[in-house]
Amino acid sequence: MPDPREVLISVDGRAHGRRPPTQGTVSVIVSVDGPDREPAVEAALRTHGALAAELRSLAVVADSPLIRWSAENVVVTADRPWNRDGERLALVYRASASLSATFSDFGALGEWLARAVVLDGVNVGGVDWALDERAYAELVEEVRRGAVADAVAKARVYADALELDSVMPVELSEDPHAGAVPMRLASAMAVGSGDGGTVPTLEPADVDVEARVELRFRAR
């Protein structure tokens, strides 16, 4: 026979934790426009090749600051733009190629970007800050434990208010939408002026992880 004093208590629990990033991934696009296909392709290849060669060299040094990198082949497109009078202009070719590099040393990342941004046709998409797998797993475990502790504390408050002594968890579910959320949604890289010209100023954004759980307790 069910205990008349038994009550089901449903509560949510939340917790979040924040840590500085351990790695930054920069995305770069080399893009060159011109009226002739071959000169545009050659210019894009020169710049793209120079950046790729430097990353290739960084990858093999002892204690390399580079975790991984990749480079895409040059892609060529052509378009005839319109002028203000609604007339089609001459054909314009665009040669473009992208690179991506992940650094564990933010000083080295800034130095590489400083050399990259002064090259013709280089466009920096921004820097994505993240934690390595171990640091991320540790932070996720920390906030999950915190979310459960928050729910347990709430359930005990309700049980005390009902003058019930025993609180037993019977069901737990995790909100699948909670997870890693960058603290800054805008690009964490600003471009400012320095002694050597235009240089990137890096402001690493903390990685914020949130956990939300739903717990049901049987109290009596």
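Just so it is clear, none of the values below were taken in a lab; they were calculated from the coordinates. The shown structure was predicted, so the numbers you read here are calculated from the model rather than taken from an experiment.
Computed from phi, the 3J(HN,Hα) profile of the stretch 69-78 under the Karplus parametrisation 6.51, -1.76, 1.60 (θ = phi - 60°) reads 7, 8, 9, 9, 6, 6, 10, 10, 10, 9 Hz, with x in place of Gly and Pro.
Starting from the Cα gyration tensor of the stretch 1-89, take the square roots of the eigenvalues, sort them a ≥ b ≥ c, and report rounded, prolate or oblate (rounded when a/c is under 1.5, otherwise prolate if a/b is larger than b/c, else oblate).
Cα axes put the stretch 1-89 in the oblate bin.
Taking amide H positions as modeled 1.01 Å from N, with prolines and chain starts lacking one, the residues under 5 Å from THR22 and 5 or more places away or on another chain are ALA130, LEU131, ASP132.
Taking amide H as placed 1.01 Å from N in the peptide plane, GLY126 has its amide H under 5 Å from the amide H of SER27, each at least 5 places away in sequence or on another chain. Look at (i) 19.0; (ii) 18.0; (iii) 21.7: the one that is Kirkwood radius over Cα pairs in Å derived from this structure is (iii). In the chain, the longest principal axis of the Cα atoms and the axis of helix 133-161 are about 30 degrees apart. Our note on the geometry: Cα centres of the stretch 136-176 and the stretch 79-122, 50 Å apart. The HN-Hα couplings worked out from phi for the stretch 205-212 by the Karplus form 6.51 cos²θ - 1.76 cosθ + 1.60 (θ = phi - 60°) are 8, 4, 9, 10, 10, 10, 10, 10 Hz, whole numbers, x standing for Gly and Pro.
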